[in-house]
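Read the structure below first, then the notes.
The values are calculated or read from the model by the stated rules, or taken from the named source; none is laboratory data. Given the structure is predicted, the values throughout are model-derived calculations rather than measurements. For neighbour counting, all protein chains shown are included, and Cβ atoms are generated from backbone atoms with ideal geometry for every residue, glycine included.
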Amino acid sequence: MPARILDGRACAQEVEAGLAPRVAILTDKGVTPHLAVVLVGGDHASQVYVKGKVRACARVGIKSTNIEVPVTIAFSDLLSTIDELNADLTIHGILVQSPLPPRMDELEVSERISVQKDVDGFHPANLGLLVQARKGGLVPCTPAGVLHMLEWGGVEIASKRVVIVGRSRIVGMPLALLLARKGVDATVTIAHSRTPELPAVCCEADVLIAAVGVAGLVKADWVKPGAVVVDVGVNRIVDADGESRLSGDVDPAVAEVASVITPVPGGVGPMTIAMLMQNTVTAAELQSA
Ligand code: NDP
């Protein structure tokens, strides 16, 4: 029987709807949650991602400001732009769209954003709170979205064996911390490009999460029958007929083996945006308390 599809769009809609009362309370206090998005250069894919975030802001009642700077901007000027946004009391969240030009240090950018406005959750202080399993930090959006979608879909996580393929600071690593937390209680394995016998490692998973960036990497025979499969990957590929389309990291044939699967598009992507909205509202609440 083909896998049940976890509908990320439906789940994201519920998250966004749940933010309305919180936005209303802020508005009553004279506070409009406000997200600043910095885009360096005119990369088409990044522009599409930014547009999606701006549209979500409008749906939720968050004000958004786009700051587009040329790809030639000096790194010091980009940091100065972040300093200005940090100092602007009307702005509650700051996001610098990835990827940055290779000459720029993304870690330095993450560290420059004020911890309270770090709605991506990439500042070392927010990641440190995640490591310590402490409340009050802003959690990276994609990992938070994956966990929320699994819970929403009724997927049991406690005591399950989770394998995450990918160990990035944006997805794989914080997701592992989130799932291994007390109260979530998964037993987590992190795999990566140097993991020997990757298919066999994946086969051990009750919940298999692919966050790699290689289209169709995870094959049907890497998946234990009945496992839950989460596909974080977003890869642009060109079909045999010359059509360009999005593909996840999971081969479509996996849907015949898994019990539950997330689609691409329409799975983790909308959840990432919904969690960004949630983080922005949380940041506005914390800054206006
Ligand atoms: P990174 O490139 O930062 O990390 C990729 C990870 O995959 C690395 O840990 C790498 O291993 C591992 N890897 C690469 N190739 C292989 C392989 N052949 N076998 C096993 N492991 C491998 O990517 P991100 O984490 O930023 O993103 C991963 C994917 O998720 C991308 O497709 C990205 O577009 C997508 N994404 C989707 C989001 C969404 O909202 N849906 C949000 C963010 C990302 P190593 O560390 O050894 O190099």
Q: Would you be able to say whether some residue in the range 254-269 is in contact with a strand residue (DSSP E or B) (Cβ under 7 Å, 6 or more places away or on another chain) and farther than 18 Å from Asp7 by Cβ?
A: no
Q | Filter result (β-branched (Val, Ile, Thr), away from the ligand (no atom under 11 Å from the Cβ) and part of a loop (DSSP other than H, G, I, E, B)) within the range 235-279 | A | Val257
Q: Please enumerate the residues belonging to the range 172-197 that are crowded, with 21+ Cβ neighbours inside 10 Å and more than 16 Å from the ligand (Cβ to nearest atom).
A: Ala186
Q: Kindly indicate whether Gly216 is modelled with pLDDT of 95 or more, within 10 Å of the ligand (Cβ to nearest atom) and surrounded by 17 or more Cβ atoms within 10 Å (Cβ to Cβ).
A: no
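Taking strands (runs of 3 or more DSSP E) that do not extend beyond the range 1-109, which have at least 1 residues that are more than 19 Å from Gln278 (Cβ to Cβ) and polar (S, T, N, Q)? Even if it seems obvious, please write down each step before you answer.
Values: elements: 34-40, 63-69, 93-96.
Result: 63-69.
Yes/no per residue for (1) closer than 26 Å to Arg4 by Cα; (2) part of a strand (DSSP E or B); (3) in contact (Cβ under 8 Å) with a residue 40 or more places away in the chain:
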| site | (1), (2), (3) |
| --- | --- |
| Arg167 | no, no, no |
| Ile170 | no, no, yes |
| Ala176 | yes, no, no |
| Leu179 | yes, no, no |
| Val184 | yes, no, no |
| Ser193 | no, no, no |
| Pro196 | no, no, no |
| Ala200 | yes, no, no |
| Leu208 | yes, yes, yes |
Q) Within the range 111-154, which residues are in contact (Cβ under 8 Å) with a residue 12 or more places away in the chain, assigned to a helix (DSSP H, G or I) and under 16 Å from Arg181 (Cα atoms)? A) Asn126, Leu127, Leu130, Val131, Pro143, Ala144, Gly145, Val146, Leu147, His148, Leu150
Q. Among Ile91, Ile113, which is among the hydrophobic types (A, V, I, L, M, F, W, C), surrounded by 20 or more Cβ atoms within 10 Å (Cβ to Cβ) and over 19 Å from the mean Cα position of the chain (by Cα)?
A. Ile91
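Filter the range 160-171 for residues that are within 8 Å of the ligand (Cβ to nearest atom) and either of a type outside the set (Gly, Ala, Ser) or surrounded by fewer than 19 Cβ atoms within 10 Å (Cβ to Cβ) (or both) and give the result.
To start, the set of residues in the range 160-171 that are within 8 Å of the ligand (Cβ to nearest atom) comprises 165-171.
Selection gives Val165, Arg167, Ser168, Arg169, Ile170, Val171.
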Q: Output the number of the condition that Ala210 fails; it satisfies all remaining conditions of (1) farther than 16 Å from Val155 by Cβ; (2) within 10 Å of the ligand (Cβ to nearest atom).
A: (1)
Q. Within the range 174-201, how many residues turn out to be within 20 Å of Val131 (Cα to Cα) and in contact with a strand residue (DSSP E or B) (Cβ under 7 Å, 6 or more places away or on another chain)?
A. 10
